[in-house]
């Protein structure tokens, strides 16, 4: 009890639940671990610098040993050029090719799925607060990580595979051992009257669009039908104006264009 300058009493109340000798919440001194510690400068920092130098030298060696794939010179008259994003965006590029993430649902592939992935990474420290460091002790986090890696790798591979096939059938290039186009067949007549010939050429060699020579080796009837209905690349949907029967005949004729 004490008095202030006005003569009023001031009462101090102690709380017996707070121990006066409670341990301090501070890390132990390094002196308690003789032989197991090292100074940050210069010992620890020097080791970190040495590792960084080795990595940097190795990285620069690989960069200088491999010539960068710059590709061909830009040609504004080349309408067959197939632009693709850099490899680290190929999985998103491939995602937008699927019907459920493109067209009317493009917001799924451009906003919703990338947004969920970004938020999951940002909130990971709060979503998974387990103290375990072994992967098999954290099945949820490990499972999500493996699924994400497999999905990214599979989509990247699919995008690269499709791009290589499109490059193989570039306009003006005729694959070896390709069967002669039968221009007197009904399929060719349907092909001609539906303006397919303007982009893919009179002999399927490709003019403003990719070559269709040997298309029967690379595509199935279901894929060709989907491309005709929904379009692909620079080809918009709805280009084919024939009947369903004519579409079937055209697809069967295209499947005959094979390489021996």
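The values are calculated or read from the model by the stated rules, or taken from the named source; none is laboratory data. The structure displayed is predicted, hence computed values, not measured ones. With ideal geometry, Cβ positions are generated from the backbone for all residues, glycine too; neighbour counts draw on all protein chains shown.
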Within region 219-260, considering residues that are out of contact with any helix residue (DSSP H, G or I) (no Cβ under 9 Å at 6 or more places or on another chain), closer than 19 Å to residue 208 by Cβ and in a loop (DSSP other than H, G, I, E, B), the one modelled with the lowest pLDDT: 236
From the options 197, 190, residue that is free of Cβ contacts under 8 Å to residues at least 12 places away in the same chain and more than 27 Å from residue 96 (Cβ to Cβ): 197
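Pick out the one residue from 90, 82 that is surrounded by 10 or more Cβ atoms within 10 Å (Cβ to Cβ), touching a residue at least 24 places away in the same chain (Cβ under 8 Å) and outside any helix (DSSP H, G or I).
On the way: 90 fails: outside any helix (DSSP H, G or I).
Unique residue meeting the criteria: 82.
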Failed criterion for residue 55 (all others in (1) surrounded by 10 or more Cβ atoms within 10 Å (Cβ to Cβ); (2) outside any loop (DSSP other than H, G, I, E, B); (3) modelled with pLDDT under 95 hold): (3)
Some residue of region 207-221 being surrounded by fewer than 19 Cβ atoms within 10 Å (Cβ to Cβ) and in contact with a strand residue (DSSP E or B) (Cβ under 6 Å, 6 or more places away or on another chain): yes
Given (1) surrounded by fewer than 10 Cβ atoms within 10 Å (Cβ to Cβ); (2) modelled with pLDDT under 85, number of the condition residue 162 does not satisfy: (1)
Qualifying residue in region 171-191 (condition: more than 28 Å from residue 86 (Cα to Cα) and at pLDDT 85 or above): no
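Looking at the structure I just gave you, is residue 97 in a loop (DSSP other than H, G, I, E, B) and surrounded by 13 or more Cβ atoms within 10 Å (Cβ to Cβ)? Spell out the reasoning first.
On the way: in a loop (DSSP other than H, G, I, E, B): yes; surrounded by 13 or more Cβ atoms within 10 Å (Cβ to Cβ): yes.
Taking the combined requirement at face value, the residue satisfies it.
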